[in-house]
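Visitor: Supplied in structure tokens, the structure appears directly below.
The values are calculated or read from the model by the stated rules, or taken from the named source; none is laboratory data. Every value quoted in this text rests on a predicted model; they were computed, and no experiment measured them. We place every Cβ from the backbone using ideal geometry, glycine too, and count neighbours over all the protein chains shown. With ligands, DNA and RNA removed, areas are computed over all heavy atoms of the protein, side chains included. Shrake-Rupley method; radii C 1.70, N 1.55, O 1.52, S 1.80 Å.
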Amino acid sequence: MEWKNILRGFAMGVADLIPGVSGGTIAVILGIYDRLIAAISGFFSREWKRHALFLIPLGVGMIVTILSLSRVIDFLLENYYAPTQFFFLGLIIGIIPMLFGELHARAGFKSSYWIAIAIGTVLVASMAFIRPAEAAIITNLSPATTALLFFSGWLASMAMLLPGISGSFILLLIGVYPTAIKALSDLNIPLILIIGAGVGVGFIVSSKIIRYLLSHKPGITFAVIIGLVLGSLAVVFPGLPENGMQWGLSVLTFAAGWIIVHLLNKVSA
């Protein structure tokens, strides 16, 4: 039903606003990852209407969330950083056993898959040690800044589709994240359109690559995906809470994330 996809888009939009959290991970948690990749990849095929019926409500949910909650996410990260991150830790840890079960269902389990899992884990976990420098906020478009924003959106969208890799974190590395958040908060339409165009192109290109790998190498590809999700734990982990109140809130939000995953799994079963 369309309203379900709007809610799914809402959840993915929240994740994509937070550096370190991946919309692709949320798609896995919601059980729609394969369908999402197939729909984006096949959007310009003869079956475009069927894919559009899936993607449009999903996209509406994501866009509404990103436009309406960018300031709320800024507030939560500034004032309740640890509890917010622990919520996503609960989501991720809750989904890991289900991912291993899915891997067994797709292709059995071979010892070589541990190597793929380790590679994915190290690839993403290493990002936890990267500290992006402060970047200037772009407010005016020139040929150089237009190209930078477009290709930044392209790279970020590729990351959004990969579980464990955050599109927002890629924007941070490039130095465009502050610009993107301010453009969303201020509704700077030209900047939003340029970044959005890059995101759209990146979605189409990267989805075709991921779909091919899932179709032809499902076991090894899904093993890498599990590694990416495992590695994201190191990126999302905010450190230990600073005081008793933060500890209490973090425990509650972690538990909430874990419970939500298991409820979603029961609903989709």
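Visitor: Name the residue that is least open to solvent (accessible area, probe 1.4 Å), counting only residues in segment 186-216 that are of a type outside the set (Ser, Thr, Tyr) and without any contact (Cβ under 8 Å) to a residue 24 or more places away in the chain. It would help to see each step written out before you state the result.
Guide: To start, the set of residues in segment 186-216 that are of a type outside the set (Ser, Thr, Tyr) comprises 186-205, 208-211, 213-214, 216.
After this cut, where a residue has to be without any contact (Cβ under 8 Å) to a residue 24 or more places away in the chain as well, the list is 186, 189, 192-193, 209, 213, 216.
Values: Asp186: 85, Ile189: 90, Ile192: 45, Leu193: 115, Ile209: 96, Leu213: 70, His216: 111 Å².
Out of the qualifying residues, it is Ile192.
Visitor: Does Leu187 count as at pLDDT below 85, of a type outside the set (D, E, K, R) and more than 16 Å from the chain's Cα centre (by Cα)? Give the steps one after another, and end with the answer.
Guide: Numbers: at pLDDT below 85: yes; of a type outside the set (D, E, K, R): yes; more than 16 Å from the chain's Cα centre (by Cα): yes.
Considered against the rule, which asks whether it is at pLDDT below 85, of a type outside the set (D, E, K, R) and more than 16 Å from the chain's Cα centre (by Cα), Leu187 comes out as yes.
Visitor: A follow-up question, please. Does Ala135 satisfy the criteria of being surrounded by 15 or more Cβ atoms within 10 Å (Cβ to Cβ), at pLDDT 85 or above and either in contact with an Asp or Glu (Cβ under 8 Å, 6 or more places away or on another chain) or farther than 25 Å from Trp258 by Cβ (or both)? If you could, list the steps in order and put the result at the bottom.
Guide: Working: surrounded by 15 or more Cβ atoms within 10 Å (Cβ to Cβ): yes; at pLDDT 85 or above: no; either in contact with an Asp or Glu (Cβ under 8 Å, 6 or more places away or on another chain) or farther than 25 Å from Trp258 by Cβ (or both): yes.
In short, no.
Visitor: While we're looking at this one, here's another question. Taking the options Leu148, Leu155, name whichever one is more than 25 Å from Leu233 (Cβ to Cβ), open to solvent by 20 Å² or more (accessible area, probe 1.4 Å) and either of a type in the set (D, E, K, R) or not in a loop (DSSP other than H, G, I, E, B) (or both). Break it down into steps so the answer makes sense when it comes.
Guide: Details: Leu155 fails: more than 25 Å from Leu233 (Cβ to Cβ).
Checking each option against the conditions leaves just Leu148.
Visitor: Which residue pairs have Cβ atoms closer than 8 Å, lie 6 or more positions apart in sequence or on different chains, and pair a first residue in segment 153-165 that is aromatic (Phe, Trp, Tyr) with a second residue that is open to solvent by less than 20 Å² (accessible area, probe 1.4 Å)?
Guide: Once the first residue is aromatic (Phe, Trp, Tyr) and sits in segment 153-165, its partners that are open to solvent by less than 20 Å² (accessible area, probe 1.4 Å) give Trp154/Gly198; Trp154/Gly202.
Visitor: Kindly indicate whether Ile96 is closer than 29 Å to Gly248 by Cα and either hydrophobic (A, V, I, L, M, F, W, C) or in contact with a Leu (Cβ under 6 Å, 6 or more places away or on another chain) (or both). Talk me through it step by step, then tell me what you get.
Guide: Values: closer than 29 Å to Gly248 by Cα: yes; either hydrophobic (A, V, I, L, M, F, W, C) or in contact with a Leu (Cβ under 6 Å, 6 or more places away or on another chain) (or both): yes.
Yes; evaluated as a whole, the condition is true for this residue.
Visitor: Of these, Ala125, Ala136, which one is part of a helix (DSSP H, G or I) and on the phi < 0 side of the Ramachandran plot? Lay out the reasoning, then the answer.
Guide: Values: Ala136 fails: part of a helix (DSSP H, G or I).
Within the list Ala125, Ala136, the selection yields Ala125.
Each row is one residue, and each column tells you yes or no for (1) touching a residue at least 40 places away in the same chain (Cβ under 8 Å); (2) touching a Pro at 6+ places or on another chain (Cβ under 8 Å); (3) more than 22 Å from Met12 (Cα to Cα).
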| position | (1), (2), (3) |
| --- | --- |
| Pro218 | yes, no, yes |
| Val224 | yes, no, no |
| Gly248 | no, no, yes |
| Val261 | yes, no, no |
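Visitor: Report those helices (runs of 4 or more DSSP H) wholly inside segment 19-114 carrying at least 1 residues which are of a type in the set (Asp, Glu) and surrounded by fewer than 17 Cβ atoms within 10 Å (Cβ to Cβ). Step through it out loud before you land on a result.
Guide: Numbers: elements: 23-29, 33-41, 48-79, 81-107.
So the answer is 48-79.
Visitor: Here is a check on your reading of the model: is Ile260 within 14 Å of Phe88 (Cβ to Cβ) and open to solvent by 40 Å² or more (accessible area, probe 1.4 Å)? Before you say what the answer is, go through the steps one by one.
Guide: Details: within 14 Å of Phe88 (Cβ to Cβ): yes; open to solvent by 40 Å² or more (accessible area, probe 1.4 Å): yes.
So Ile260 fits the description; yes.
Visitor: Here is a list: Gly219, Gly248, Gly239. Which entry is part of a loop (DSSP other than H, G, I, E, B), of a type outside the set (A, V, I, L, M) and surrounded by fewer than 21 Cβ atoms within 10 Å (Cβ to Cβ)?
Guide: Details: Gly219 fails: part of a loop (DSSP other than H, G, I, E, B); Gly248 fails: part of a loop (DSSP other than H, G, I, E, B).
None of the others qualify; the one that does is Gly239.
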